[in-house]
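Down below is the structure, laid out as structure tokens.
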Amino acid sequence: RHYVYALALRRTGEIDDAVTELERSLELSPAAPKSWIALARCEIDRGEMGAARDAVDAALELDLESADAWHLLGRVELGEGSLENAEAAFAKALERNPEHAWASNNLGYTRILQDRFDEALPPLQDAVASGDDEPVFFNNLGIALERSGHPELAALSFAHAVVLGHGPAEASMERVEELIESEGTAFAAVDSVEFIGSDDLAARVENAVLIVS
């Protein structure tokens, strides 16, 4: 009961109360990996990375094969600025669950932070191909595409992010469109989104990655 109530509280932004309920849940059932994972998420929400790490460690001690726990460890490492450790944790999450879209996105984002834009493309392509339609997936993919020399695909990815409600992506889309136009080609990315869905975009990115490699 405490666990389910905590999940509802987190969804409504009542993080401190959610932590209290999860702590009560764990007092009653300390060997519950999902409760430790939920607590780690709440502590990350609060910016309490030390407490989040303790919760993740407890989850992994109970279930070393938990993709969610490894993903959250990556988020803790990322929050503490340990990019190499974050990348390793996200990779371990994907070893346990190759379809973990957020781990794919965050692995790609970690590589973006290291200016490894070509290497960021495959996991970000996987995140977009998952069908979750998270605007941040498309925005991060757009960054990696732009910085690795694929302006039209970058504009399309930013356009998807814009359509999904990611406001900052609009300026990025317009910047890339201006770059394309300066090279003599008119290109309106938003007009193409209706005809180029996330699956098609992911396939085009995969082809671009194969050509680069």
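The values are calculated or read from the model by the stated rules, or taken from the named source; none is laboratory data. These numbers come from a predicted model, not from an experiment. Methodologically, a virtual Cβ is constructed for each residue, glycine included, from the backbone with ideal geometry; neighbour enumeration extends over all protein chains shown. We work out accessible area using only protein heavy atoms, side chains counted, and drop any ligands, DNA or RNA first. Shrake-Rupley method; radii C 1.70, N 1.55, O 1.52, S 1.80 Å.
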* Structure fact -> Carbon/sulfur accessible area of region 1-76, % of total, 1.4 Å probe, equals 48
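Tell me, what is the per residue accessible area of the chain in Å², probe radius 1.4 Å? Let's see the in-between values first.
On the way: 10580 Å² over 213 residues.
Per-residue accessible area for the chain comes out at 50 Å².
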* Structure fact -> Where a ≥ b ≥ c are root eigenvalues of the Cα gyration tensor, a/c under 1.5 meaning rounded, otherwise prolate if a/b exceeds b/c and oblate otherwise, region 1-84 counts as oblate
* Kirkwood Rh over Cα pairs of the chain into Stokes-Einstein at 10 °C, 1.306 mPa s: D in µm²/s? -> 87
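Order K34, K92, most accessible first, counting only protein heavy atoms with a 1.4 angstrom probe.
So, going from the largest accessible area down, we get K34, K92.
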* In region 139-213, GluC sites (Glu not before Pro) in a DSSP loop with at most 10 other beta-carbon atoms within 10 Å -> E183, E194
